[in-house]
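Presented below is the structure to which this report refers.
Read-outs throughout are calculated quantities, based only on the coordinates presented, and are distinct from any laboratory measurement. Note that the structure is a prediction, hence the values are computed from the model and not measured. Virtual Cβ from ideal backbone geometry, glycine too; neighbours counted across all protein chains shown.
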Amino acid sequence: MIRSADQAAQLLRAGHDLVDKTAYLEVGGFSIAIRSNCTLLIDRMTKYFSHLIVNDRLPDVVVEAYDTNVLQLDVDWQEWRRERGKSGPKDAYYDLDDGRLLLKVRTGMIFLQSERLRIAVGPCMEMANQLINFINSQYMNELLRRGGLICHASGIRIGQSGVAIAGVSGGGKSTLMLSLMDYPNVHYVTNDRLLVKANSGKVIAQGIPKLPRVNPGTIVHNSRLHGLIDARRREQLLALPQQELWDLEEKYDVEIEQIYGPGRIESDMRLEIFVVLNWMHGSKESTHLLEVDLGSEQQSINAIIKLPGPFYQLKNGQMYQAATPPDTEAYIETLKSVRILDVRGQVDIAFLQQEIYRRVNE
């Protein structure tokens, strides 16, 4: 029986040697070294995190990624309970005395998370997005330990003003955020995870260094993104009913600096406006914004809150448990100085793009 992280690491590493090449990245004063048995995987991670790559240094954490066939472990996997509104098995876990093993049910990728060891094993090249998420979870853990709260939100900086955008999955967060990137003074901060913390009367928001991953519904209506799919595929997609198009799950990475230009990514911002998308396709109402008190808008606070997830290890070394309820009052208190704009009525990206930009600059 596997009891410790060291025992688990021995099984995960068996028969695989690390290459000499290492990628070092630094974000928010936190450094991560990425090591692998595959030089091509190191090169891929170096390209992905190119704006964060630094010279050799003593890292805060080391992530080992072994590109292998799917590994079978004889452990009693338990299904990780997903958040409200999510269905179908995604993650399974097995708790150790000093860490956790996590299995991605659909891909077979296995991860080890402990205070000293962070290891990914499986088809890492094929499932690079899951490895990227694992790497980013190390930084997210650090921000949580510094007192941050996770928001399920995109984040951009317009001039010197930070804007967060929350809403249900498929509700238009990424589409709206990328439409605002058309303005030259807008910088990308994050696509889906934003950590917020109050500091001396200000709210500092920090993003996770992951490129936006968008569905076809975003691509076909944004001319800057048309190169992500061919013209024939775009015509096929435009012929779909609107709701079917927006519900289609088919992810594409948006390389921000390649599409919008160099220097368009920031790691943090001062948060001033939080936009919550409570609009609906097919609504008969025109699109409108209401400035609301977050404490009295349960639908809005539910859209903002994001739970830490199975990789989070608390300061005391204990692993986060799925049954842990969110601290709703902490979000309300942290965001009390931020303008909360609740968007209702029909979905109108063009209108909201212009309205948000106007309000930031008024």
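Dipole magnitude of the chain about its Cα centre, charges +1 at Lys/Arg Cβ and -1 at Asp/Glu Cβ only, in debye to the nearest 20?
260
Could you run the Debye sum over the Cα atoms of the stretch 236-350, one equal point scatterer each and no solvent, and tell me log10 of I(q)/I(0) at q = 0.16, 0.21, 0.23 Å⁻¹, two decimals?
-1.16, -1.20, -1.20
Can you pull the percent of Cα pairs in the stretch 5-145 with separation above 20 Å?
Working: 4561 of 9870 pairs.
Of all Cα-Cα pairs in the stretch 5-145, 46 percent lie more than 20 Å apart.
Whole angstrom only: what separates the Cα centroid of the stretch 250-289 from the Cα centroid of the stretch 293-362?
14
What nm value, rounded to one decimal, do you get for the distance between H281 and V105 when each label is placed 7 Å out toward the C-beta?
According to this spin-label approximation, the distance is 2.6 nm.
Among DSSP beta bridges whose residues both lie in the chain, state the antiparallel percentage, nearest 5.
Working: 54 of 77 bridges.
Here the share of antiparallel DSSP bridges comes out near 70 percent.
Is there a quick way to get the dipole size of the stretch 5-145? I mean about its Cα centre, with the Cβ of Lys and Arg at +1 and of Asp and Glu at -1; what is the value in debye to the nearest 20?
The calculation lands at about 560 debye.
Tell me, what ³J(HN,Hα) does each residue in the stretch 91-98 have, in order and in whole Hz, if you take phi through Karplus 6.51 cos²θ - 1.76 cosθ + 1.60 with θ = phi - 60° and put x for Gly and Pro?
3J(HN,Hα) across the stretch 91-98, in whole Hz: 10, 10, 9, 9, 7, 9, 5, 9.
Give, in nm to one decimal, the length gained when the segment between R213 and A322 is fully stretched (0.36 nm per residue of separation minus the Cα-Cα distance).
Additional length available on full extension: 36.7 nm.
Counting just the Cα atoms, what span does the stretch 292-342 cover along each of its three principal axes? Round to the nearest Å and put the largest first.
38, 19, 13
Give me the three principal axis extents of the stretch 136-227 from the C-alpha atoms, as integers in angstrom, largest value leading.
On the principal axes, the stretch 136-227 reaches 40, 27, 20 Å in Cα extent.
Where Lys and Arg each count +1 and Asp and Glu each count -1, what net charge lies around M181 among other residues with Cβ under 14 Å from its Cβ?
Cβ neighbours under 14 Å give a net charge of 0.
State the label only: which of (i) 44; (ii) 22; (iii) 35 corresponds to percent of Cα pairs over 36 Å apart computed from the shown model?
For percent of Cα pairs over 36 Å apart, the calculated option is (ii).
If you scale each eigenvalue of the Cα gyration tensor by 5 and take the root, what three semi-axes come out for the stretch 116-163, rounded to whole angstrom and sorted largest first?
Values: eigenvalues 150, 52, 12 Å².
Listed largest to smallest, the semi-axes of the stretch 116-163 are 27, 16, 8 Å.
What net charge is computed for the residues neighbouring I32, neighbours being all others with C-beta under 10 Å from the C-beta of I32, Lys and Arg scored +1, Asp and Glu -1?
Neighbour charge sum, excluding I32 itself: -2.
Using the beta-carbon distance between N185 and Q346 and R0 = 25 Å, what value does 1/(1 + (r/R0)^6) give for FRET efficiency, to the nearest 0.05?
0.30
Applying 1/(1 + (r/R0)^6) with R0 = 35 Å to the Cβ-Cβ distance of L314 and K21, what FRET efficiency is obtained, to the nearest 0.05? It would help to have the intermediate numbers written out before the result.
Details: r = 33 Å, r/R0 = 0.94.
Once the sixth-power term is evaluated, E becomes 0.60.
Calculate the FRET efficiency for Q10 and K47 from the Cβ-Cβ distance with a Förster distance of 30 Å, rounded to the nearest 0.05.
Efficiency, rounded to the nearest 0.05: 0.45.
Using θ = phi - 60° and the Karplus form 6.51 cos²θ - 1.76 cosθ + 1.60, what ³J(HN,Hα) does each residue of the stretch 203-216 get, whole Hz, x for Gly and Pro?
So the Karplus estimates, Gly and Pro as x, are 10, 9, 10, 10, x, 8, x, 10, 5, x, 10, 10, 8, x Hz.
Tell me which residues come under 5 Å, amide H to amide H, from S36 once H is placed; ignore anything under 5 positions away on its chain.
Hits under the 5 Å cutoff: V19, A65.
What length, rounded to one decimal in nm, is gained on full extension from E266 through to R233, with 0.36 nm per residue of separation minus their alpha-carbon distance?
Value of the extension gain: 8.6 nm.
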